[in-house]
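The values are calculated or read from the model by the stated rules, or taken from the named source; none is laboratory data. Being a predicted model, the structure only gives us computed values, none of them experimental. Counting neighbours? That spans all protein chains shown, and the Cβs are built from the backbone with ideal geometry, glycine included.
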Amino acid sequence: MPALSLCHRMTAYMEWADDVMLSAAERLPQDAVSAPRDALFKSIAGTFDHTLVVGEIFQAHLEGRSHGHDARHRASVLDFPQVATRLRAMNSYYVRCARDWTTSDLAETIEFTFVGGGQGAMTREDILLHLVNHATYLSDPA
């Protein structure tokens with residue numbers, strides 16, 4: 001496998017970009033991070049927690065175990081410091097996977113059940129690239 005595969009570069013970028021965004025959020029007052037917003041996951045903390053949940057779901061798929069989630073978000077968002085710590089650890093996990101997996105590993109198809117039901121299948125490479133894209137943030141021009 002090339003030393004800097006596309007998956008390795010992209011997961012390393014995801015790790016870096018999330019850290020930039022998490023660090024910016026950590027500089028905000030806690031009430032601002034958890035304040036209700038007109039956003040899909042209702043707050044800054046909720047958005048990061050959703051990203052963490054999706055990462056946990058795919059980690060479980062890759063490891064062949066149950067993830068324990070019944071939705072792509074938690075009923076109650078974790079405290080932001082816990083989300084930040086766990087998301088950083090999750091990102092490091094995916095960077096290690098992308099670095100260590102061979103081309104054959106990346107091409108392996110992983111079968112799983114979607115949270116909402118139904119069967120799914122993706123290669124390890126597709127899962128990593130999905131996660132990288134999933135963690136792409138848009139800035140609010142307001």
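At-a-glance table
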| item | result |
| --- | --- |
| Residue list for the range 70-107, filter: of a type in the set (D, E, K, R) and farther than 20 Å from ASN133 by Cα | ASP70, ARG74, ASP79, ASP100, ASP105 |
| All positions within the range 73-87 that are basic (Lys, Arg) and part of a loop (DSSP other than H, G, I, E, B) | ARG74 |
| Search result, residues across the range 1-29 that are over 18 Å from VAL132 (Cα atoms), part of a helix (DSSP H, G or I) and either modelled with pLDDT under 85 or hydroxyl-bearing (Ser, Thr, Tyr) (or both) | SER23 |
| Positions within the range 94-114 being of a type outside the set (Ser, Thr, Tyr) and part of a loop (DSSP other than H, G, I, E, B), in sequence order | TRP101, GLU108, PHE114 |
| Members of the range 10-42 found to be among the small types (Gly, Ala, Ser) and surrounded by 13 or more Cβ atoms within 10 Å (Cβ to Cβ), listed by number | ALA12, ALA17, ALA25, ALA32, SER34, ALA35 |
| Any chance GLU63 is under 21 Å from GLU108 (Cα atoms), within 17 Å of the chain's Cα centre (by Cα), loosely packed, with under 13 Cβ neighbours inside 10 Å and modelled with pLDDT of 90 or more | yes |
| One residue from GLY55, GLY46 being modelled with pLDDT under 90, over 19 Å from THR102 (Cβ atoms), in a helix (DSSP H, G or I) and under 14 Å from the mean Cα position of the chain (by Cα) | GLY46 |
| Scan of the range 71-87 for residues that are surrounded by 16 or more Cβ atoms within 10 Å (Cβ to Cβ) and of a type outside the set (A, V, I, L, M), ordered by number | HIS73, ARG74, PHE80, ARG86 |
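Every residue, every condition in (1) at pLDDT 90 or above; (2) among the basic types (Lys, Arg); (3) closer than 18 Å to GLU63 by Cβ; (4) surrounded by 12 or more Cβ atoms within 10 Å (Cβ to Cβ), yes or no:
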| residue | (1), (2), (3), (4) |
| --- | --- |
| LEU106 | yes, no, yes, yes |
| PHE112 | no, no, yes, yes |
| GLY117 | no, no, no, no |
| ASP126 | yes, no, yes, yes |
| ALA135 | no, no, no, yes |
| ALA142 | no, no, no, no |
